[in-house]
Amino acid sequence: MVFERPRGSIGTGGPTVDTYLAPGPVLPGGRLVGEVLLKGGRTAFDIEQITLELTARVESGTGDGEHEGAVIFDRFKVGGGFRLDGDEECSLPFTATLPWETPVTELHGQPLGTVLGVRTELGVAGAKDRGAFAPLRVGPLPVQEAVLEALGQLGFGFTSADLEYGRIGGTGQRLPFYQEIELTPAPRYAHTMREIEVTFLANAGGVEIVLEADKPRGFFSAGHDALTRFAVGHAGVEGRDWKAEVDGWMRQLAAGRGTRSVPAPHGPGGAYDGRADTGEHGRAPLSSPNRK
């Protein structure tokens, strides 16, 4: 198997570590496969622990106070508790499961601008040091791909994608940040919204889809945000008319109509399809991240 190879050195004269990831994108909730290759330094070292960290470049704050930083959103141990002699090489294959809410970094091979990575932390002689950063590619789940393609067919245009630190109230969100995919409105909706933001919150049972529109200022009203939520199960994606369904969501978002919230599934389960309230309210305020 061919792997992508980022490399880092842990300390002067110490072991070097290479983290290899299998090529191609991984899906949220899918298996991340790779190996860690250690090469001994000038002398023998006791390798206490080898940990992989999943990191994301996340924004926090608002306006002029906005800033970016790396946030660790998952970590797992791949080895440790052995002695590595000088110039000795040791390979440690690993398989890990990505969190369901892992953001999407690309669509049909085209990058969205969201930056994720895998970093190796090596514990040696009572100290810890982080090695190289391996870019992590994540593709969309079938539901996510179907919704984004339907939006494109309706005339919505991709602008950007970023990660915001904070939580969206009333959802089953588990990670400390969420992804916003920003789109320009289709011509038929240009008079009712200036832009929309799409957030996917996936779990084992399905995907919560949060749609937020920036509503323009009216003659008798100020500009505001309108938000609506829907939930779709993983099963039966291919048998749905996604263009018509998503167009219906957009009409509800434009009109500010909706129904009472239906909780999204969080365990293994079959098909799920619900929708949640539409209101003239924004997302939960952001708090200061605990950055690493």
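The values are calculated or read from the model by the stated rules, or taken from the named source; none is laboratory data. Being a predicted model, the structure only gives us computed values, none of them experimental. Here Cβ is always computed from backbone atoms with ideal geometry, including for glycine, and neighbour counts include all displayed protein chains.
Filtered by the rule that a residue be assigned to a strand (DSSP E or B) and either among the small types (Gly, Ala, Ser) or closer than 13 Å to Gly34 by Cα (or both), region 78-116 gives Val78, Gly79, Ser91, Leu92, Pro93, Phe94, Thr95, Ala96, Thr97. Within region 160-215, the only residue that satisfies the criterion of being closer than 19 Å to Gln144 by Cβ and of a type in the set (Lys, Arg) is Arg174. Of all residue pairs spaced 6 or more apart or on separate chains, those with beta-carbon atoms under 6 Å, a first member in region 117-139 that is in a strand (DSSP E or B) and a second member that is of a type in the set (Ser, Thr, Tyr) are Gly117/Thr55; Arg119/Thr55; Thr120/Thr19; Glu121/Thr51; Gly131/Thr120; Ala134/Thr19; Val138/Thr102; Val138/Thr105. Scanning region 155-174 for residues that are surrounded by fewer than 21 Cβ atoms within 10 Å (Cβ to Cβ), at pLDDT 95 or above and of a type in the set (A, V, I, L, M, F, W, C) gives a single hit, Phe158. Within region 140-153, the set of residues being part of a helix (DSSP H, G or I) and touching a residue at least 24 places away in the same chain (Cβ under 8 Å) comprises Pro142, Val143, Gln144, Glu145, Ala146, Val147, Leu148, Glu149, Ala150, Leu151, Gln153.
What number of residues within region 154-197 satisfy the criterion of being part of a loop (DSSP other than H, G, I, E, B) and either closer than 19 Å to Trp249 by Cα or not small (Gly, Ala, Ser) (or both)?
18
Of Ala132, Ala190, Ala146, all but one fail to be among the aliphatic types (A, V, I, L, M) and within 28 Å of Glu53 (Cβ to Cβ); the exception is Ala132. In summary, Glu35 fulfils each of the numbered conditions (1) part of a strand (DSSP E or B); (2) surrounded by 18 or more Cβ atoms within 10 Å (Cβ to Cβ) with the single exception of condition (2).
Scanning region 206-226 for residues that are at pLDDT below 95 and not aliphatic (A, V, I, L, M) yields Glu212, Asp214, Lys215, Pro216, Arg217, Gly218, Phe219, Phe220, Ser221, Gly223, His224, Asp225. Does at least one position in region 55-73 carry a residue that is in a loop (DSSP other than H, G, I, E, B), of a type outside the set (Phe, Trp, Tyr) and modelled with pLDDT of 85 or more? No. Residues that are modelled with pLDDT of 90 or more and either more than 22 Å from Pro185 (Cα to Cα) or in a loop (DSSP other than H, G, I, E, B) (or both) within region 240-281 comprise Arg240, Asp241, listed in sequence order.
For region 168-211, which residues satisfy the criterion of being of a type in the set (D, E, K, R) and touching a Pro at 6+ places or on another chain (Cβ under 8 Å)? Let's see the steps before the verdict.
Residues of region 168-211 that are of a type in the set (D, E, K, R), as a first pass: 174, 180, 182, 188, 194-195, 197, 208.
Matches in region 168-211: Arg174, Arg194, Glu195.
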